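Undergrad: Structure incoming, see below.
What follows is calculated from the coordinates using simple rules that are stated; it is not laboratory data. Note that the coordinates shown come from a computational prediction; the quantities given were computed from them, not determined experimentally. Note that each Cβ is placed from the backbone with ideal geometry, even for glycine, and that neighbours are counted across all protein chains shown.
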Ligand SMILES: Cc1cc2nc3c(=O)[nH]c(=O)nc-3n(C[C@H](O)[C@H](O)[C@H](O)COP(=O)(O)OP(=O)(O)OC[C@H]3O[C@@H](n4cnc5c(N)ncnc54)[C@H](O)[C@@H]3O)c2cc1C
């Protein structure tokens, strides 16, 4: 028996190994991670892997998959044979494409090493420009303001976190960031980064405004890592294409987490999600599939983001909503926005109202009865202040 080979030792890869053992998989489990200092070790500790008989290979950068021979090769010449292959290769931060993007001080935030580098650099910096008003950009902006740094956020769209939350929540967060001293520039982009002696000294926005700064953080999204799968002839479309059992176009090969594009169980077409919940829930489906039990991914997506004293929690996908109800009190910074489509609840954004979020997760769970706008208070009122 060759066993299960998992490429990528991030959230999705580690969880797949864990779920395989939890499901009673008796064969070898090989977890291959490109980094020398693996997040996997920080997630579970070194003893966990030996206790669970999971062979964790650090510095194992997989460069090729041979589907006919059912094996993978690493950059340092190792070869691993598999019965089942799992692609958990994640995503990489999209780099800026403007002039000056290669200057020292232009940073991204994806890996633990990126976090350490940004922390160190921020200590000595006075002014930060964040490009992108999504979760990553705004969380960094909030942390940098707490450290007393001068912060500008440049966002191309006319509202913040547009992919994730509804317009009212975007507007609320824009106000909070401005109240906290962030220079927020919506509907603007970055035209060029200026440098002095090879290091960042400022940016020019698309609208022609020049801003001095010491760091530029690009928080403009990620690209799924699909190169290996593509070279192996697997289907790719905004990620590695899988069915609702997480199988790729080769039934012996699974993909999950940030790298995988899957059929949206709650709407039309294919989606790719970037969240811990998605990686963890899909790992259960992969493990079930390898064990020969057919399971389908139907989980309701949920996310969170902490900015200043605000805990933003989201459940469901609000795109395409046609009706909105709000409960709670914005002035107290505790409220929830409920999104409806064709008369049924599809998503909730909660700010400092964790009970609404938790209840929403249970109520929106696959198969739960639909909730109409009239039923909101019945389901959520009793928990309004918790
Ligand atoms: C700063 C930051 C904050 C976040 N905050 C939240 C949050 O608050 N809530 C939330 O739900 N989500 C959050 N996320 C998103 C969440 O971390 C990701 O969705 C999750 O980590 C995805 O897991 P993954 O295993 O699919 O991908 P990754 O975590 O990207 O892991 C993929 C791993 O595969 C390795 N790999 C790739 N190619 C190869 C190869 N050829 N050979 C060997 N190894 C390879 C990579 O090096 C990497 O270690 C955050 C992400 C970032 C960057």
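Undergrad: Please report the relative contact order for segment 302-383, taking Cα pairs under 8 Å with a sequence separation of at least 6, and give it as a percent rounded to a whole number.
TA: Relative contact order for segment 302-383 comes out at 25 percent.
Undergrad: Can you put 36, 138 in order, fewest other beta carbons within 10 Å first? Each step should come with its number before you reach the end.
TA: Values: 36 9, 138 27.
The order, fewest Cβ neighbours first, is 36, 138.
Undergrad: Mind jotting down the distance between the C-alpha centroids of segment 1-71 and segment 180-221, whole Å?
TA: Cα centroid to Cα centroid, the span is 40 Å.
Undergrad: Taking each pair of distinct Cα atoms in segment 302-383 once, what is the resulting Kirkwood hydrodynamic radius in Å? All intermediate terms of the calculation are to be shown ahead of the outcome.
TA: Numbers: mean 1/r = 0.0790 Å⁻¹.
This gives a value of 12.7 Å.
Undergrad: Taking a quarter of the surface of the convex hull around the Cα atoms of segment 95-220, what do you get in nm²?
TA: 7.1 nm²
Undergrad: For the ranges 332-339, 209-216, 317-324, what's the packing order if you count other beta-carbon atoms within 10 Å of each residue, average per peptide, and put the highest first?
TA: Numbers: 332-339: 20.1, 209-216: 18.5, 317-324: 15.9.
Packing order, densest peptide first, comes out as 332-339, 209-216, 317-324.
Undergrad: Show that you can apply the helix-only estimate: for the chain, add -39,500 (n - 2.57) for every DSSP H stretch of four or more residues, divide by all residues, and state [θ] at 222 nm to the nearest 500.
TA: Rounded to the nearest 500, it is -7500 deg cm²/dmol.
Undergrad: Then there is this: To two decimal places, what compactness ratio does segment 217-331 give when its Cα radius of gyration is scaled by 2.2 N^0.38 Å?
TA: 1.24
Undergrad: Right, something else. Just to be sure I understand: with springs between alpha-carbon atoms less than 10 Å apart, which residue in 238, 197, 180 has the highest mean-square fluctuation in the Gaussian network model of the chain?
TA: Evaluated over the chain, the most mobile residue of the options is 197.
Undergrad: Could you line up 84, 379 from fewest to most neighbouring Cβ atoms inside 10 Å? All intermediate terms of the calculation are to be shown ahead of the outcome.
TA: Details: 84 23, 379 16.
Ascending Cβ contact count within 10 Å gives the list 379, 84.
Undergrad: Express the relative contact order of segment 95-220 as a whole percentage, based on alpha carbon pairs under 8 Å and six or more residues apart in sequence.
TA: Working: 249 pairs, mean separation 45.2, N = 126.
Worked out over segment 95-220, it gives 36 percent.
Undergrad: Another one. Using only the Cα atoms of the chain, what do you get for the radius of gyration and for Dmax, in Å?
TA: Calculated on Cα positions, Rg and Dmax stand at 22.3, 63 Å.
Undergrad: Another question about this same structure. Which whole-number percent gives the relative contact order of the chain, counting Cα pairs below 8 Å spaced six or more residues apart?
TA: Contact order relative to length: 14 percent.
Undergrad: While we're on this one: To make sure I understand, if each residue's beta carbon is the centre and we count other beta carbons within 10 Å, what order do 372, 74 fall in, fewest to most?
TA: Lowest count first: 372, 74.
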